[in-house]
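S.K.: First the structure, then my questions, so here it is.
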Amino acid sequence: MKQYLISVVVPCYNEQESLPLFYKEICRVAEGMPAVDFEFLLVNDGSKDDTLAIAKQLAETDSRVKYISFSRNFGKEAGLYAGLENAKGDYVAVMDADLQDPPDMLPRMYELLQSGEYDCAATRRVNREGEPPIRSFFARLFYKLINKISNADIVDGARDFRLMTRQMVDAILSMKEYNRFSKGIFGWVGFKTRWLDYVNVERVAGETKWSFWKLLLYSIDGIVAFSTLPLSIAAVMGVLFCLLAFVMVVFVFVRALVWGDPVSGWPSTICIILAVGGIQLFCMGIMGQYLAKMFMEVKHRPIYIVKESNVDRS
Ligand code: UDP
Ligand code: MG
C-alpha cells in the first residue's frame, strides 16, 4: 500500500522563540502516526529575527523540513499560498507556528479524511477567552455580516488550522486572486468540511501580529473580496435620496406658490447639505475600496517573491 504524505504548511513571521517548540511538538505527533510520511513547509515571511536561520538549521538535520523564504514580509495570506503551492502531500495541513493550533488534533483530522467522507477537517475555537471584549464583539458582528452578504460560508471562530485533501488544495490554488482572504476562500471552494471544536490556547512565545486596527482593515478586505452588496447599498441609497429630493422639490414648490416664499430655514438646509454630502462621500469611499482592489488585481503582481528555498520544484 502506498504511504500517504502529509504536508504541514507553517507561515512564520518573527517566530524564533516558537519555531523550535513547534518543531518539537509536530515531530512528536508525527512519530505517533507511523503510517504516514510528513513534510514540514516553513514559510519565512520576511522575518526580522532568526526565524530563517532556525528553519535552515532544522532542514539540515531533518530532510522532512523544507523552507521557503520571502524577500520581504508579504503577509500570512501570501505565506499560506506559497506553502500550498509548494506542498507535495496527498493531504495538506495549515497551521500557525505559535502552537495555538494544537498539533495533537492532526491524527483525528487525518482519520476523518481517510474515511473518505470529508474533504477537509477544520478547527473552530469555542471560546474567545483572553481576548478584549470589544474585539470579540466586533469579530462576532463581522462573521454575522459577512455570512449574510456573501456566499463564502465563514464559521464564527474558525481558525485557518485545517487538513485538506489534494483535490481541495488544487481548487484553492486555482483561485489566483491577489487579495487573498483565506477564511473566505476555504469556504468558497466548497467541499465537505468537518468542524472540530477546541478551546482557545494562548500562543507559546512571542506576540500576536494583529492589532485591532489591522483586524478591522482585514475584515473590510474580507467583505470587499467576497461581496458586492456594499456597492448595491450605495446605489440604493442614491436612488432613495433622489426620490426624497423629488418629493422635497414638489413640496417646496407648492408651498412657495400657495404661501409665498419667506426666507428662513438656513440651519435645516445646512443639515441636509452636510448629510447628503456625507452620504455621497461614503458611497464614493465604498466604490473606491472596490476600485483599489481591482487596481491591485489588474496589475497581476506575484503574490509573493522567494529569496531562498530548499524546495525542489521539479
Ligand atoms: N504570520 C505571517 N506573516 C505575517 C503575520 C503573521 O506569516 O505577516 C504568521 C505567524 O508567524 C503565525 C501565524 O501567521 O504563524 C498567525 O499569526 P499570529 O499568531 O500573530 O495571529 P493570531 O494567532 O493572533 O491570529
Ligand atoms: Mg497566533
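S.K.: Considering segment 74-106 alone, what residues qualify as being within 14 Å of ligand 2 (Cβ to nearest atom), touching a strand residue (DSSP E or B) at 6+ places or on another chain (Cβ under 9 Å), of a type in the set (A, V, I, L, M) and in a loop (DSSP other than H, G, I, E, B)?
M.R.: M95, A97
S.K.: Return the pair list, or none, for Cβ contacts closer than 8 Å from residues in segment 1-25 that are in a strand (DSSP E or B) to residues that are within 16 Å of ligand 1 (Cβ to nearest atom) and of a type in the set (D, E), at least 6 apart or on different chains.
M.R.: Filtered contacts from segment 1-25: V10/D96; P11/D45; P11/D96; C12/D45.
S.K.: Then there's this: Considering every residue within segment 76-90, establish whether at least one is more than 12 Å from ligand 1 (Cβ to nearest atom), hydrophobic (A, V, I, L, M, F, W, C) and open to solvent by less than 20 Å² (accessible area, probe 1.4 Å).
M.R.: yes
S.K.: Enumerate the pairs (first residue in segment 259-270 and open to solvent by 60 Å² or more (accessible area, probe 1.4 Å); second residue anywhere and of a type in the set (A, V, I, L, M)) with beta-carbon separation below 9 Å, excluding pairs fewer than 6 apart on the same chain, so at least 6 apart or on different chains.
M.R.: Listed pairs, sorted by first residue: D261/V252.
S.K.: Just give me the residues in segment 31-51 being surrounded by 21 or more Cβ atoms within 10 Å (Cβ to Cβ) and assigned to a helix (DSSP H, G or I), in sequence order.
M.R.: T51
S.K.: Which pairs have Cβ atoms under 6 Å, sit 6 or more apart or on different chains, and link a residue in segment 203-232 that is closer than 23 Å to G46 by Cβ to one that is assigned to a helix (DSSP H, G or I) and near ligand 1 (Cβ under 9 Å from one of its atoms)?
M.R.: Close Cβ pairs (under 6 Å, with a partner that is assigned to a helix (DSSP H, G or I) and near ligand 1 (Cβ under 9 Å from one of its atoms)) amount to V204/S18; A205/S18; G206/S18.
S.K.: Among the residues that make up segment 300-312, is at least one of them open to solvent by 90 Å² or more (accessible area, probe 1.4 Å), at positive phi and not in a helix (DSSP H, G or I)?
M.R.: For segment 300-312, residues open to solvent by 90 Å² or more (accessible area, probe 1.4 Å), at positive phi and not in a helix (DSSP H, G or I): present.
S.K.: Give me a count of the residues in segment 189-220 that are assigned to a helix (DSSP H, G or I) and either within 10 Å of ligand 1 (Cβ to nearest atom) or open to solvent by less than 60 Å² (accessible area, probe 1.4 Å) (or both).
M.R.: 4
The values are calculated or read from the model by the stated rules, or taken from the named source; none is laboratory data. Worth saying up front: this structure is predicted, and the values here are computed from it rather than measured. When we count neighbours, we look across all protein chains shown, and the Cβ atoms used for this are built from the backbone with ideal geometry, even at glycine. Please note that ligands, DNA and RNA were not included when accessible areas were found on the heavy atoms of the full protein model with its side chains. Shrake-Rupley method; radii C 1.70, N 1.55, O 1.52, S 1.80 Å.
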